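Remarks on the structure that follows.
Each reported figure results from applying straightforward, stated rules to the coordinates on display, with no laboratory input. Please read all numbers here as calculations on a predicted model, not as lab measurements. When we count neighbours, we look across all protein chains shown, and the Cβ atoms used for this are built from the backbone with ideal geometry, even at glycine.
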């Protein structure tokens with residue numbers, strides 16, 4: 001049977017692949033497929049503890065069996081139309097989740113989120129700085145597993161909304177090249193009271209950074225590097 005295997009971030013450089021159709025034996029597990037690539041690309045073996053595997057756009061354990069036509073993605077640690085968004089989800093409750101390759105229009109999102117019943121609105125913007133660990137940064141480039149990332153953004157947002165006394169939450173991440181001072185991510189929370197809005201916004205950015213399959217490559221005056229982070233424990237345990 002045949003499956004499609006996707007590679008992201010650092011793993012694209014390690015393998016020289018972005019995607020590949022692979023013939024596997026019936027009943028093969030995700031671990032068995034990973035082992036095939038580790039034999040071809042020995043560096044993957046050393047990276048194994050930090051690699052998470054997605055099966056049909058869902059995080060999955062390595063003992064998961066695959067079927068003909070399945071999509072498998074190896075994910076290193078995270079660090080359409082006239083719409084400005086490549087992917088977006090708008091919930092009936094007013095929550096908003098999106099990916100874009102254009103500058104994030106934070107004011108437009110704020111206008112959508114705010115209601116007359118709200119007494120607080122908290123906005124967090126993550127922006128590109130001009131240095132990292134003593135090296136001069138020229139620009140950043142973000143890539144992601146878009147079809148999966150938008151679903152994970154929505155899952156995070158809905159869970160936060162269910163656990164905090166807030167009205168609405170928006171999580172928006174930008175992709176592609178970003179210059180110094182540009183916003184790469186925006187989290188906006190509205191609520192009747194400020195404490196809930198602050199708490200929800202902080203949880204939103206913290207979970208996004210460790211759970212959503214988005215990777216950052218940093219370009220310096222003397223080279224470039226994929227920025228390594230860590231998966232959240234809830235993901236790494238799969």
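Using a simple spin-label model with pseudo-atoms 7 Å out from Cα toward Cβ, residue 108 and residue 67 lie 4.0 nm apart.
Its alpha carbons considered, the range 2-75 gives a radius of gyration followed by a Dmax of 11.0, 29 Å. The alpha carbons of the range 70-164 give a radius of gyration and a Dmax of 16.2, 47 Å, in that order. Ordered by the count of other Cβ atoms within 10 Å of each Cβ, fewest first, 50, 234 give 234, 50. Both numbers refer to the Cα atoms of the chain; Rg and Dmax are 19.0, 59 Å. Ranking of 62, 174 by neighbouring Cβ atoms within 10 Å, starting from the fewest: 62, 174. When shorter helices are ignored and each DSSP H run of at least 4 residues is given -39500 (n - 2.57), the per-residue value for the chain at 222 nm works out to -8500 deg cm²/dmol. By its C-alpha gyration tensor, with a ≥ b ≥ c as the square roots of the eigenvalues, how is the range 42-97 shaped: rounded for a/c under 1.5, else prolate for a/b larger than b/c, else oblate? In terms of gyration-tensor shape, prolate.
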